Amino acid sequence: MVKIALYPPNSLILADLLERKGHVPLVLQKQIRQKIKDPEIDSPPMNITEEDPLNGLKYAAIEVPSGVRGRMSLIGPLIDEAEAAIIVDGAPYGFGCIGCARTNELSIFLLRNKGIPVLELKYPDNQDETYVMVNAINEFVDSLEETIGEE
C-alpha cells in the first residue's frame with residue numbers, strides 16, 4: 001500500500017481509482033474532514049485553528065497571499081506524507097480544482113522536487129486518451145508496488 005499524492009488534490013475520480021487498487025490517495029477531502037470533525041474547532045464553517053496560518057508558513061513565505069498559505073496548510077502535509085504522486089495537467093474544474101494558480105504552481109513544484117516517483121499526465125480530450133490515461137496510472141501504480149513495496 002503506497003501513499004500517493006494527487007494533483008488536483010480534490011479529484012474524486014483519481015482517489016477512487018487508487019483506493020480500488022489498494023493504495024492510499026492523499027486528497028484534500030480527507031484533510032477537510034479532519035478539520036470539520038475536530039472538536040477543537042468552535043465555529044464551522046471557519047474550520048481554522050490558530051496554528052493553521054503558522055503551518056502554512058512552512059510552505060510559503062509571509063509575503064505570499066494569505067489564501068495560498070491557508071491552502072498550503074492543508075495541501076502541504078499531504079505532500080510531506082506522499083511516497084509517490086500523480087499530476088494531471090489541464091484538468092477542467094469538474095475534475096478537481098484548487099482555483100488558485102499560485103497554490104497550483106507551488107504544490108506541483110514541491111511534488112516534483114520531493115524526490116519521489118511522479119507520473120505527469122495531460123487531461124484526456126477523448127475516450128481513447130482516457131483509456132490511455134487510466135492504463136498509464138495503473139501501470140505506474142503497479143510499478144510502485146514493486147519498488148516502494150519492497151523497501
Go through (1) at pLDDT 85 or above; (2) open to solvent by less than 40 Å² (accessible area, probe 1.4 Å); (3) not basic (Lys, Arg) for Asp52 and report which single condition fails.
(1)
Hits in region 1-49 (condition: of a type in the set (Gly, Ala, Ser), farther than 20 Å from Thr103 by Cβ and modelled with pLDDT of 85 or more)
Gly22
Of the residues in region 7-20, those that are more than 12 Å from the chain's Cα centre (by Cα) and crowded, with 17+ Cβ neighbours inside 10 Å number 2
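The values are calculated or read from the model by the stated rules, or taken from the named source; none is laboratory data. All values derive from a computational prediction rather than experimental measurement. Neighbour counts are summed over all protein chains in view; Cβ atoms, including those assigned to glycine, are modelled from backbone coordinates with ideal geometry. Heavy atoms of the whole protein, side chains included, go into the accessibility calculation; ligands, DNA and RNA do not. Shrake-Rupley method; radii C 1.70, N 1.55, O 1.52, S 1.80 Å.
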